[in-house]
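Structure first, commentary second.
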Amino acid sequence: MADKILFVVNNVDYIDPMGVMLMSALAKREGFATFLTVLSQDDLGEELKRIKPDIVAHCSVKTGEQQFFLKANDKVKDYSKNIITIMGGPHPTFNPDIIEESDLNAIGVGECDVAWPKLLKALQAGEDAGNIPNIFTRETWLSKWKNETEANRNRFRHKLTHPLDGLPFYDREIVYSKTHLGKFPMRCFMSSWGCPFECTYCFEPKTNIQQRGLGSIYRRYSPRRLCAELKELKHRYPTQFIKFYDDMFILSRSVDFWLAEFAEIYPQEVGLPFFCLTRCNVLTRENLTALKKAGLHSLTMSIESGNDYIREKIIKRHMTRPEIEEAFALCNEMGVKTFANSILAIPIKSEVMTEQGKTAIDYDFDSLELNIKSKVTFGEFSPVYPYPGCELSDYVVENGWFDYSDFGNLNASYQNESPLNCFTPLEKRMQSNMSLLGTVFLAFPFLYSRKFAEFLFKLPLAKLYFIFYFFVKGYLNVFKIYPMKFSIVSLLLNIRRSIELEYKKHAPGERLYEPKRTMSQATTPMLGGLPQGGLIPPPPKPQKKDEPFKILD
Ligand code: B12
Ligand code: SF4
């Protein structure tokens, strides 16, 4: 009888890992005991011995970190072949053939909040799990789904019609009891799932294609249900600030029914300052006033590029420069602090650059200068990372600036040196330095002039710039964007943790978390290249009659 699940996540920084919190709550509702291992802090081998799980669930696996989970899976299978291992999250969703790269028993694709409890029930009853939509077992993948068209595979999913209100409250204890987040007073939640826009560097457009015909692209909790969960959370754990991590917290330029109700209920039931995300061309005086009334403290509206050609044609943000400037002006007028991301090092064809009379680095300066002009409170600047499956990746590959076979070697953090081959070493250095000093110039705009910035960006002083960046970022985060009070001890501990994390994200040559598998092990045939290490699925193991689980191959 299966009753113990060990969840595996790669790392826990300052954002609640909501996937594992939800999956654990769903599993507990089915009567399972749940445990957590964080690969970057725990010894998986010791945890396996101590917990003796029946099921290991690799959670919310993102592209760039899949190698760590595959290694962890090997370790689990070395410990015991009888443990059922399952992986879910964006990476297996967009690259389901990952099941062939290791000894995984199954993967979950897309939103699995309906499939996961069904899978657990099937495992508990010793029934066949091969017919549960959103789940590919090793057996069904190899015998059927592998050879099906992507469209047919996408049809093998649950409808997206069930209300999110029916989901259990996140099991936060599983994370808070064993990580620093228990004492960290910012708590995350997603009030909605989905986004209808088509930005070419993002996975949402691909998600929308995969989920076509299954239900609404955008679904959300009712304000009452949402506030009930946050109220309980506030009573159980020290909480000063709520971070809504929805891709799009507001979608309508007017005050729709949801926002009106939220603005009414949230201050009464929760009453904490919050942060959320939206887009410049969605923000209006009307909806910002309602958000302010509810308790909005800070807002993310990413600029991504200050160059009209890149923004419209290459990354398809579909918003104008005046819309961007007006949205930030509105926030500044109404006292809402702002955060914006900008993507540097987006390559442009040489004939277009000649026609526009620009060099590669000019486009990045356009972005920095639009941020400064818009008086963004806190801006981050990072080189574009071509993630497999996004339209922008096809563009860089088609133009020969990146090779599909290099995908497996991308750093798990995009805040690092550009991985593209179309920039000179000096341009790469300037981009990396801009990713550090851009934040500093934005905080102290009177220091900025194009000539001075260009001079600084050319110098090999990344380590020094990192120090400036780190302290400015820390100051802006703690005092402007997420204002929270810390004891001296916890402040010092958080500073130490952030230095480690930020340095790994930015320093060239550094790796977030740990070294990756070598390219010969990272086989990614779905990405267009041929399998490099020979993709041989693990040999089938005969299933013994008395073995309880049917999804073993
Ligand atoms: C919060 C968030 C983060 C947090 C992560 C917190 C955490 N540890 O989970 C932070 C800010 C750290 C982050 C970082 C990054 N993120 Co992010 N992030 C998100 C965001 C906005 C929400 C994720 C979330 O919690 N969703 C809610 C939970 C409930 O959903 P979920 O985890 O996906 O789980 C569901 C399914 O995936 C599935 N499932 C998940 N686990 C399991 C396990 C099993 C066994 C089963 C059966 C099913 C299953 O069922 C769940 C319920 O439906 C998403 C956008 C989005 N809309 O999802 C992007 C997103 C996940 N991030 C993305 C990216 C690219 C990144 C970065 C790689 C960016 C970068 N290059 O640095 C980094 C990765 C850093 C790293 N290596 O960890 C992409 C991932 C695309 C991909 N192919 O992997 C997304 C989809 C954004 C996008 N639209 O492009 N991110
Ligand atoms: S608006 Fe944000 S979440 Fe939506 S497609 Fe664009 S980048 Fe992705």
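The values are calculated or read from the model by the stated rules, or taken from the named source; none is laboratory data. Just so it is clear, the model here is predicted, and its values are computed rather than measured. Positions of Cβ are generated from backbone atoms using ideal geometry, with glycine treated the same way; all protein chains shown enter the neighbour counts.
Remark: residue 237 matches the filter, which requires a residue to be surrounded by fewer than 17 Cβ atoms within 10 Å (Cβ to Cβ) and in contact with a helix residue (DSSP H, G or I) (Cβ under 9 Å, 6 or more places away or on another chain). Would you confirm whether or not segment 131-150 contains a residue that is at negative phi, in contact (Cβ under 8 Å) with a residue 60 or more places away in the chain, out of contact with any Lys or Arg (no Cβ under 7 Å at 6 or more places or on another chain) and not in a helix (DSSP H, G or I)? Yes, some residue in segment 131-150 is at negative phi, in contact (Cβ under 8 Å) with a residue 60 or more places away in the chain, out of contact with any Lys or Arg (no Cβ under 7 Å at 6 or more places or on another chain) and not in a helix (DSSP H, G or I). Can residue 107 be described as more than 16 Å from ligand 2 (Cβ to nearest atom), surrounded by 24 or more Cβ atoms within 10 Å (Cβ to Cβ) and farther than 19 Å from residue 170 by Cα? Yes; evaluated as a whole, the condition is true for this residue.
Every residue in segment 124-179 that is among the acidic types (Asp, Glu) and closer than 30 Å to residue 40 by Cα, please. So that I can check it myself, show each step before the final result.
Going through segment 124-179, the residues among the acidic types (Asp, Glu) turn out to be 127-128, 139, 148, 150, 165, 171, 173.
Within segment 124-179, 171, 173 meet the criteria.
Considering every residue within segment 198-214, establish whether at least one is within 12 Å of ligand 2 (Cβ to nearest atom) and on the phi > 0 side of the Ramachandran plot. No.
Note on segment 165-195: residues that are within 16 Å of ligand 2 (Cβ to nearest atom), of a type in the set (Gly, Ala, Ser) and in a loop (DSSP other than H, G, I, E, B) total 2.
Take the conditions (1) closer than 26 Å to residue 501 by Cβ; (2) in a loop (DSSP other than H, G, I, E, B); residue 434 misses just one of them, which is (2).
For (1) outside any loop (DSSP other than H, G, I, E, B); (2) near ligand 1 (Cβ under 8 Å from one of its atoms); (3) among the basic types (Lys, Arg); (4) assigned by TED's automatic domain parsing to the domain that holds residue 499, each residue gets a yes or a no:
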residue: 19; (1), (2), (3), (4): yes, yes, no, no
residue: 25; (1), (2), (3), (4): yes, no, no, no
residue: 31; (1), (2), (3), (4): no, no, no, no
residue: 37; (1), (2), (3), (4): yes, no, no, no
residue: 61; (1), (2), (3), (4): no, yes, no, no
residue: 68; (1), (2), (3), (4): yes, no, no, no
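Looking at the structure I just gave you, is residue 257 more than 16 Å from ligand 2 (Cβ to nearest atom) and modelled with pLDDT of 95 or more? Break it down into steps so the answer makes sense when it comes.
Working: more than 16 Å from ligand 2 (Cβ to nearest atom): yes; modelled with pLDDT of 95 or more: yes.
So residue 257 passes the test.
Elements of the type helices (runs of 4 or more DSSP H) sitting completely within segment 196-315 and holding at least 1 residues that are among the aromatic types (Phe, Trp, Tyr) and under 29 Å from residue 483 (Cα atoms): these cover 257-269.
Evaluation of residue 485 against the conditions (1) out of contact with any helix residue (DSSP H, G or I) (no Cβ under 9 Å at 6 or more places or on another chain); (2) modelled with pLDDT of 90 or more shows that the sole unmet condition is (2). Inspection of segment 116-124 identifies at least one residue that is loosely packed, with under 15 Cβ neighbours inside 10 Å and more than 10 Å from ligand 1 (Cβ to nearest atom). Does residue 188 qualify as being surrounded by 17 or more Cβ atoms within 10 Å (Cβ to Cβ), over 17 Å from residue 22 (Cβ atoms) and within 10 Å of ligand 1 (Cβ to nearest atom)? No: the conditions fail for residue 188.
Identify the residue in segment 393-416 that is of a type in the set (A, V, I, L, M, F, W, C) and at pLDDT below 75 and, among all such residues, is surrounded by the most Cβ atoms within 10 Å (Cβ to Cβ). My answer is 407. When 457, 423 are checked against the criterion of being under 21 Å from residue 348 (Cα atoms) and assigned to a loop (DSSP other than H, G, I, E, B), a single residue qualifies: 423.
Table: residues versus (1) among the polar types (S, T, N, Q); (2) under 27 Å from the mean Cα position of the chain (by Cα).
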residue: 254; (1), (2): yes, no
residue: 267; (1), (2): no, no
residue: 293; (1), (2): no, no
residue: 312; (1), (2): no, yes
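Restricting 251, 296, 233 to residues that are touching a residue at least 40 places away in the same chain (Cβ under 8 Å) and either farther than 25 Å from residue 172 by Cα or polar (S, T, N, Q) (or both) narrows the list to 251. Return only the number of the condition from (1) surrounded by fewer than 19 Cβ atoms within 10 Å (Cβ to Cβ); (2) on the phi > 0 side of the Ramachandran plot that residue 194 does not satisfy. In the conditions (1) surrounded by fewer than 19 Cβ atoms within 10 Å (Cβ to Cβ); (2) on the phi > 0 side of the Ramachandran plot, residue 194 misses (1) alone.
Only a single criterion out of (1) free of Cβ contacts under 8 Å to residues at least 12 places away in the same chain; (2) part of a loop (DSSP other than H, G, I, E, B) is not satisfied by residue 162, namely (1).
Would you point out the residue of segment 20-59, among those that are small (Gly, Ala, Ser), surrounded by fewer than 21 Cβ atoms within 10 Å (Cβ to Cβ) and at pLDDT 95 or above, that is farthest from ligand 2 (Cβ to nearest atom)? Working first, answer last.
Filtering segment 20-59 down to residues small (Gly, Ala, Ser) leaves 24-25, 27, 31, 33, 40, 45, 57.
Going one step further and asking which of them are surrounded by fewer than 21 Cβ atoms within 10 Å (Cβ to Cβ), we end up with 25, 31, 33, 40, 45.
Narrowing the set further to residues that are at pLDDT 95 or above leaves 25, 31, 33, 45.
Numbers: 25: 25, 31: 36, 33: 35, 45: 38 Å.
By that ranking, first place goes to 45.
For residues that are free of Cβ contacts under 8 Å to residues at least 40 places away in the same chain and of a type outside the set (A, V, I, L, M), scanning just segment 79-115, find the one that is nearest to ligand 1 (Cβ to nearest atom). Once the filter is applied, the top-ranked residue is 108.
Restricting attention to segment 316-349, which residues are more than 16 Å from ligand 2 (Cβ to nearest atom), of a type in the set (Lys, Arg) and not in a strand (DSSP E or B)? Across segment 316-349, the qualifying residues are 321, 349.
Would you be able to say whether some residue in segment 273-280 is on the phi > 0 side of the Ramachandran plot and within 16 Å of ligand 1 (Cβ to nearest atom)? Looking through segment 273-280, none of the residues is on the phi > 0 side of the Ramachandran plot and within 16 Å of ligand 1 (Cβ to nearest atom).
Scanning segment 125-143 for residues that are touching a helix residue (DSSP H, G or I) at 6+ places or on another chain (Cβ under 8 Å) and surrounded by 21 or more Cβ atoms within 10 Å (Cβ to Cβ) turns up 129, 132, 134, 135, 136, 138, 141. The residue that is farthest from ligand 2 (Cβ to nearest atom), among those in segment 297-314 that are farther than 17 Å from residue 372 by Cβ and touching a strand residue (DSSP E or B) at 6+ places or on another chain (Cβ under 6 Å), is 298.
So, residue 380, is that one modelled with pLDDT of 95 or more and more than 21 Å from residue 64 (Cα to Cα) or not? Criteria not met by residue 380.
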